[in-house]
Amino acid sequence: MKDLSVPEQLILTAIWRLKENAYGVTIRKKVAEVTSKDLIYGTLYNFLDQLLRKNYVTKKQSAPTKERGGRSKVMYQVTEEGYRALTSARNLNELIWSGIPENAFIGNQANEE
């Protein structure tokens, strides 16, 4: 299993949070909600393709929406392997930050100059 990049972690956790409603638009909105940063659709779909190749997500076509002329959507779901990758990423982040207080870096910038 390969380590997840930060954008891959953001996208996978967004898909997990969205459950049955995870498609391009909602994934992008969830990432923006969590990070306060916009993710360009091209970048989002590049990362989704990477996650598909790694077998961390699956995709399927939804039924068309009920309104007239409704379109289907490409829905994403986290796989078991994707959950394992997220667990590993979370454990690594916890190891990296363990023992460092939340406010450890406040005021340190002035001391480094």
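Structural remarks
- Of the set (1) under 21 Å from residue 1 (Cα atoms); (2) in contact (Cβ under 8 Å) with a residue 24 or more places away in the chain, all apply to residue 24 but (1).
- Unmet criterion (only one of (1) touching a Phe, Trp or Tyr at 6+ places or on another chain (Cβ under 6 Å); (2) touching a residue at least 60 places away in the same chain (Cβ under 8 Å); (3) part of a strand (DSSP E or B)) for residue 77: (1)
- In the stretch 1-60, of all residues being among the acidic types (Asp, Glu) and assigned to a helix (DSSP H, G or I), the one that is surrounded by the fewest Cβ atoms within 10 Å (Cβ to Cβ) corresponds to 20.
- The number of residues in the stretch 65-100 being exposed (fewer than 12 other Cβ atoms within 10 Å of the Cβ) and either in contact with a strand residue (DSSP E or B) (Cβ under 9 Å, 6 or more places away or on another chain) or modelled with pLDDT under 90 (or both) comes to 7.
- When residues in the stretch 11-28 are screened for being of a type outside the set (Val, Ile, Thr), over 11 Å from the mean Cα position of the chain (by Cα) and more than 16 Å from residue 63 (Cα to Cα), 1 of them pass.
The values are calculated or read from the model by the stated rules, or taken from the named source; none is laboratory data. All of these numbers come straight from a predicted model, not from anything done at the bench. Counting neighbours? That spans all protein chains shown, and the Cβs are built from the backbone with ideal geometry, glycine included.
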